[in-house]
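Remarks on the structure that follows.
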Amino acid sequence: MLIKAFLSGVAVSVCMSLTMSGTASPHPPANLTAAQIVEKNVSAKGGLQAWRAVQSISFSGKMDAGGKAKVQLPFVLEKKRSRKMRIELLFANDTAVQVYDGANGWKLRPFLGRRDVEPYSPEELKSAAFESDLDGPLVDYAAKGNNVELEGVEKVENQDAYKLKLTMKGGQVQHIWVDAETFLEVKVEGTPRRMDGKMRPVAIYLRDYKDVNGLMIPYVSETAVQGYKVTHKISIESVVVNPKMEDSLFSKPSPQPVTQAKSK
């Protein structure tokens, strides 16, 4: 969920057919309010104080790319308060870079033959402002100006999950599904994608949670576009909590010379 937009311009496709919509039950399995569900969710993920103590976090792993003959591309995602984010992706012996400093964003995409640094588009800026939130929209949601409502319960991969409607401070709306037993997020509504001339709903499934310094982190996320059989999976291999990160890491990157790209 954290880097779903990074492969813009790379042919990311999609391996099994998943249904984006479901029938919501009018009554949840337990008589809980939206606020109580969020409180249990934050507790299940490690607790409010533990997340407030996180000032930086680094993820490394691999993501799917390509069509039916998929390849896995190594990546590193680094995030720092407040709302700083940097992603590096190794692709065909080139390193693509995407950086957001909390207000401005830049991208370097040598795999498209573009070795000059380009600014984020307005849509990419909106997406980055949301995705750069280090601990996610539910942690400290009220302090962030977000509002949460309970819309019922749906089955997510054969398990009951609370369907929450999250309205962010800026007015953006997103749905999040929280497992009714573990209280961990199991599905998140992604940004719709234009495919075959139509805007199609996107869902991101979160799996394989592991304990990292007392925080529960999903090590697998799988993005599915409604109406398409192929999915895009991101697998985390390593997570480091509170590594030292200089602010300069999130400044505008330098253009990448051809000789530098080919020497790696």
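The values are calculated or read from the model by the stated rules, or taken from the named source; none is laboratory data. What you see is a predicted model; the values in this text were computed from it and never measured. FYI the Cβ positions are ideal-geometry reconstructions off the backbone, even for glycines, and counts take in every protein chain you see. Just the protein is used for accessible areas: all its heavy atoms, side chains included, with ligands, DNA and RNA removed. Shrake-Rupley method; radii C 1.70, N 1.55, O 1.52, S 1.80 Å.
The table below gives the values:
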item	result
Output for region 203-232, where each listed residue is of a type outside the set (Gly, Ala, Ser) and out of contact with any Lys or Arg (no Cβ under 9 Å at 6 or more places or on another chain)	207, 208, 210, 211, 212, 213, 229, 231
Some residue of region 253-264 being at pLDDT 90 or above and assigned to a loop (DSSP other than H, G, I, E, B)	yes
So residue 244, is it under 14 Å from the mean Cα position of the chain (by Cα) and either under 23 Å from residue 53 (Cα atoms) or open to solvent by 20 Å² or more (accessible area, probe 1.4 Å) (or both)	no
Considering residues of region 232-241 that are open to solvent by less than 50 Å² (accessible area, probe 1.4 Å) and either part of a helix (DSSP H, G or I) or in contact with an Asp or Glu (Cβ under 8 Å, 6 or more places away or on another chain) (or both) only, the residue farthest from residue 100 (Cα to Cα)	232
Condition broken by residue 72, with the remaining ones in (1) part of a loop (DSSP other than H, G, I, E, B); (2) over 17 Å from the mean Cα position of the chain (by Cα) satisfied	(1)
Residue, farthest from residue 184 (Cα to Cα), within region 47-66, restricted to residues that are open to solvent by less than 30 Å² (accessible area, probe 1.4 Å) and not hydrophobic (A, V, I, L, M, F, W, C)	66
Where a residue in region 139-165 is on the phi > 0 side of the Ramachandran plot and its partner, wherever it lies, is open to solvent by less than 80 Å² (accessible area, probe 1.4 Å) and of a type in the set (A, V, I, L, M), with Cβ under 8 Å and at least six apart	140/48; 145/168; 152/24; 157/186
Answer residue from region 88-104, given it is open to solvent by 60 Å² or more (accessible area, probe 1.4 Å) and small (Gly, Ala, Ser) and is nearest to residue 167 (Cα to Cα) among those	103
Filter result for residue 104 (modelled with pLDDT of 95 or more, out of contact with any Cys (no Cβ under 6 Å at 6 or more places or on another chain), of a type in the set (S, T, N, Q) and more than 22 Å from residue 243 (Cα to Cα))	yes
Unmet criterion (only one of (1) under 20 Å from the mean Cα position of the chain (by Cα); (2) within 23 Å of residue 47 (Cα to Cα)) for residue 226	(2)
